[in-house]
Amino acid sequence: MASETLLARITDYVSRPNPYPLYAELREAGPVVRQADGSYLVGTYHEIAALLHDPRMSVDPRSRGEVTHKPPFLRLDDPEHHRLRTLAMRPFGPPHSPGRVDAMRGEIDRITKELMESFEAGRQIDVVDDFAYPLPVTVICRLLGVPREDEPLFRAWSDALVAAADVRPEEDTTEADKAGDQARIEMGGYLVNLAEQRRGKPSDDMLSAFVNEPDPALRLTQEELAETAVLLLIAGHETTVNLITNGVLTLLRHPEHLDQLRRDPDLLPRAVEELLRYEPPVHMRERIPLADIDVAGTPIAQGTPVVLVLASGNRDPRRFHDPDRFDPTRPDNEHLGFGSGIHVCYGAPLARIEAQAALGALLPHHLGTARLVQDPPPYRQNAMLRGPRHLPIQL
């Protein structure tokens, strides 16, 4: 019975500070474990990677009769996913805007330094509220063209949307779903209105690029613009907050590696990849098979929810040597921290730069002498987007 309730135990808030023993239990129970509610959990690296690349696995909630509106491209299957993702990428990255993310490096460093100006020795700060949240929010506002003073508006919308997307077995999610839909409509309306103000008056932000696209075949409809802008705003900061916060927490728990990075800052890019493996910002993803499938000898019927536990795959000893050890010099680190396949994280290049800038700025000055005020810290409710809600440290 224990393995049949693994998803309920993993998503129970009690497990939030350390779900990893449950992930080990999941891998030991088999690559695929059926749950009491009829869904399946997959916790081993090679099986997860194969399913992330399997075109029979759908991300579209409409494939099981949910949601009447068209979801954002993150939750669409090809070919529609490919069309919308390609249009969304045009003002963001290669080949059409190859320098956009790299050109943000100086700006990201400047925002990071501004946030750290108030960090004085002897002071207690909350890494989340004082640093890890405002940094990516300021960056994504700048990229999209959202006035920074409107940020409190979409923090509430974002919280409602993220809560609605969480994996919560055995819970009535009607109210959360309703609040999520309402937030999506309000936030989408706000962003479309903002974009319309730039029609015919191009500026250098992404909302402007979307509405001033000269080729009619490459334009987003108003509904697509709303869904895409909402997705970019939320995805552009939610996961990066967790990545930076989990990074600070992990380094303070491993002072020997913190010292190693202070002595050799060139290791930082590899350390960020190891953080994405060891303490990833996204722990699980749900898929729906569009046909009957077989996973490692387990038949799964079409339409049955399958939860891919990415964070468990990242700790699979059949893929990673000594997987429960944090090793910033780890070679061959093809983790699942940004997913894989056609839905690999759209903003991964930006998240990497932000995490490197944030940790790189904190390492030489503040982290060497900082100490955790509370360990484990209080975590966010969300089991899918797992990270501390607060991280108080004494400088």
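What is the one condition in (1) open to solvent by 30 Å² or more (accessible area, probe 1.4 Å); (2) outside any strand (DSSP E or B) that residue 286 does not satisfy?
Among (1) open to solvent by 30 Å² or more (accessible area, probe 1.4 Å); (2) outside any strand (DSSP E or B), residue 286 violates only (2).
If I go through the stretch 1-12 residue by residue, how many of them are open to solvent by less than 20 Å² (accessible area, probe 1.4 Å) and under 22 Å from the mean Cα position of the chain (by Cα)?
Restricting attention to the stretch 1-12, the residues satisfying the condition of being open to solvent by less than 20 Å² (accessible area, probe 1.4 Å) are 6-7, 10.
Now narrow it down to the ones that are under 22 Å from the mean Cα position of the chain (by Cα): 7, 10.
Residues in the stretch 1-12 being open to solvent by less than 20 Å² (accessible area, probe 1.4 Å) and under 22 Å from the mean Cα position of the chain (by Cα): 2 in total.
Quick one: would you say residue 30 is crowded, with 17+ Cβ neighbours inside 10 Å, over 30 Å from residue 224 (Cα atoms) and in contact with a Gly (Cβ under 8 Å, 6 or more places away or on another chain)? Show your work before the answer.
Numbers: crowded, with 17+ Cβ neighbours inside 10 Å: yes; over 30 Å from residue 224 (Cα atoms): yes; in contact with a Gly (Cβ under 8 Å, 6 or more places away or on another chain): no.
When the stated conditions are applied, residue 30 does not pass them.
Looking only at helices (runs of 4 or more DSSP H) that fall completely inside the stretch 42-139, which ones have 1 or more residues that are over 21 Å from residue 343 (Cα atoms) and open to solvent by 60 Å² or more (accessible area, probe 1.4 Å)? Working first, answer last.
Working: elements: 45-52, 80-89, 105-116.
So the answer is 105-116.
Report the residue count in the stretch 220-239 for those that are part of a loop (DSSP other than H, G, I, E, B) and modelled with pLDDT of 90 or more.
Going through the stretch 220-239 one residue at a time, the tally reaches 2.
In the stretch 191-201, which residue that is assigned to a helix (DSSP H, G or I) and open to solvent by 40 Å² or more (accessible area, probe 1.4 Å) is farthest from residue 71 (Cα to Cα)? Please lay out each step first, then the result.
Within the stretch 191-201, the first condition is being assigned to a helix (DSSP H, G or I), and the residues that meet it are 191-196.
Still in the list and also open to solvent by 40 Å² or more (accessible area, probe 1.4 Å): 193, 196.
Numbers: 193: 19, 196: 21 Å.
Per the criteria, the residue is 196.
Looking at 164, 160, which is the one that is of a type in the set (Gly, Ala, Ser), modelled with pLDDT of 80 or more and part of a helix (DSSP H, G or I)? So that I can check it myself, show each step before the final result.
Numbers: 164 fails: modelled with pLDDT of 80 or more.
One residue alone meets the criteria, 160.
Could you say which residue among 99, 38, 65 is touching a residue at least 24 places away in the same chain (Cβ under 8 Å) and farther than 29 Å from residue 388 by Cα?
On the way: 99 fails: touching a residue at least 24 places away in the same chain (Cβ under 8 Å); 65 fails: touching a residue at least 24 places away in the same chain (Cβ under 8 Å).
The match here is 38.
Report whether or not residue 375 is open to solvent by 40 Å² or more (accessible area, probe 1.4 Å), charged (D, E, K, R), free of Cβ contacts under 8 Å to residues at least 40 places away in the same chain and more than 26 Å from residue 142 (Cα to Cα). Before you say what the answer is, go through the steps one by one.
Working: open to solvent by 40 Å² or more (accessible area, probe 1.4 Å): yes; charged (D, E, K, R): yes; free of Cβ contacts under 8 Å to residues at least 40 places away in the same chain: no; more than 26 Å from residue 142 (Cα to Cα): yes.
Here the answer is no, as residue 375 does not meet what is asked.
Name the residues in the stretch 353-395 that are among the hydrophobic types (A, V, I, L, M, F, W, C) and in a loop (DSSP other than H, G, I, E, B), would you?
Filtering the stretch 353-395 down to residues among the hydrophobic types (A, V, I, L, M, F, W, C) leaves 353, 355, 357-359, 361-363, 367, 370, 372-373, 383-385, 391, 393, 395.
Within the stretch 353-395, 370, 373, 383, 384, 385, 391, 395 qualify.
Name the single residue, out of those in the stretch 202-219 being outside any loop (DSSP other than H, G, I, E, B) and free of Cβ contacts under 8 Å to residues at least 40 places away in the same chain, that is nearest to residue 138 (Cα to Cα).
Within the stretch 202-219, the first condition is being outside any loop (DSSP other than H, G, I, E, B), and the residues that meet it are 206-211, 216-218.
Now restrict to residues that are free of Cβ contacts under 8 Å to residues at least 40 places away in the same chain: 211, 216-217.
Details: 211: 22, 216: 31, 217: 32 Å.
Out of the qualifying residues, it is 211.
Can you tell me which residue within the stretch 204-218, out of those that are closer than 26 Å to residue 157 by Cα and modelled with pLDDT of 90 or more, is surrounded by the fewest Cβ atoms within 10 Å (Cβ to Cβ)? Write out each step before concluding.
Pass one, the stretch 204-218, residues closer than 26 Å to residue 157 by Cα: 204-211.
Remaining after also requiring modelled with pLDDT of 90 or more: 205-211.
On the way: 205: 18, 206: 24, 207: 26, 208: 20, 209: 21, 210: 27, 211: 20.
Applying the filter and picking the extreme gives 205.
Which one is surrounded by the fewest Cβ atoms within 10 Å (Cβ to Cβ) among residues in the stretch 250-277 that are touching a strand residue (DSSP E or B) at 6+ places or on another chain (Cβ under 9 Å) and under 17 Å from residue 311 (Cα atoms)?
Here is the first cut: in the stretch 250-277, the residues touching a strand residue (DSSP E or B) at 6+ places or on another chain (Cβ under 9 Å) are 252-253, 273, 275-277.
Those still in the list that are under 17 Å from residue 311 (Cα atoms) too: 273, 275-277.
On the way: 273: 18, 275: 25, 276: 26, 277: 23.
Result: 273.
Select from the stretch 142-156 the residues that are touching a residue at least 60 places away in the same chain (Cβ under 8 Å), surrounded by fewer than 23 Cβ atoms within 10 Å (Cβ to Cβ) and either part of a helix (DSSP H, G or I) or charged (D, E, K, R) (or both) and list them in ascending order.
142, 144
So which residues in the stretch 13-27 are open to solvent by 50 Å² or more (accessible area, probe 1.4 Å) and either of a type in the set (Ser, Thr, Tyr) or in contact (Cβ under 8 Å) with a residue 24 or more places away in the chain (or both), if there are any at all? Don't jump to the end; show me each part of the working.
Within the stretch 13-27, the first condition is being open to solvent by 50 Å² or more (accessible area, probe 1.4 Å), and the residues that meet it are 13-14, 18, 21, 25.
Selection gives 13, 18.
Run residue 327 past the list (1) touching a Phe, Trp or Tyr at 6+ places or on another chain (Cβ under 6 Å); (2) open to solvent by less than 30 Å² (accessible area, probe 1.4 Å); (3) more than 20 Å from residue 386 (Cα to Cα) and report the number of the one that doesn't hold.
If we test residue 327 against (1) touching a Phe, Trp or Tyr at 6+ places or on another chain (Cβ under 6 Å); (2) open to solvent by less than 30 Å² (accessible area, probe 1.4 Å); (3) more than 20 Å from residue 386 (Cα to Cα), just (1) comes out false.
If you check every pair at least six apart or on different chains, which have Cβ atoms under 6 Å apart with a residue in the stretch 118-138 that is over 13 Å from residue 377 (Cβ atoms) and of a type in the set (S, T, N, Q) first and a residue that is part of a helix (DSSP H, G or I) and open to solvent by less than 10 Å² (accessible area, probe 1.4 Å) second?
Note: pairs meeting the criteria are 138/111.
Quick one: is residue 319 touching an Asp or Glu at 6+ places or on another chain (Cβ under 8 Å), part of a loop (DSSP other than H, G, I, E, B) and surrounded by 16 or more Cβ atoms within 10 Å (Cβ to Cβ)?
On the way: touching an Asp or Glu at 6+ places or on another chain (Cβ under 8 Å): no; part of a loop (DSSP other than H, G, I, E, B): yes; surrounded by 16 or more Cβ atoms within 10 Å (Cβ to Cβ): yes.
Against the criterion (touching an Asp or Glu at 6+ places or on another chain (Cβ under 8 Å), part of a loop (DSSP other than H, G, I, E, B) and surrounded by 16 or more Cβ atoms within 10 Å (Cβ to Cβ)), residue 319 does not qualify.
The values are calculated or read from the model by the stated rules, or taken from the named source; none is laboratory data. Treat the numbers as computed from the prediction; the structure is a model and nothing was measured. Every residue, glycine as well, gets a Cβ built from its backbone with ideal geometry; the counts of neighbours run over all protein chains shown. Calculation scope for accessible area: heavy atoms of the full protein, side chains included, ligands and nucleic acids excluded. Shrake-Rupley method; radii C 1.70, N 1.55, O 1.52, S 1.80 Å.
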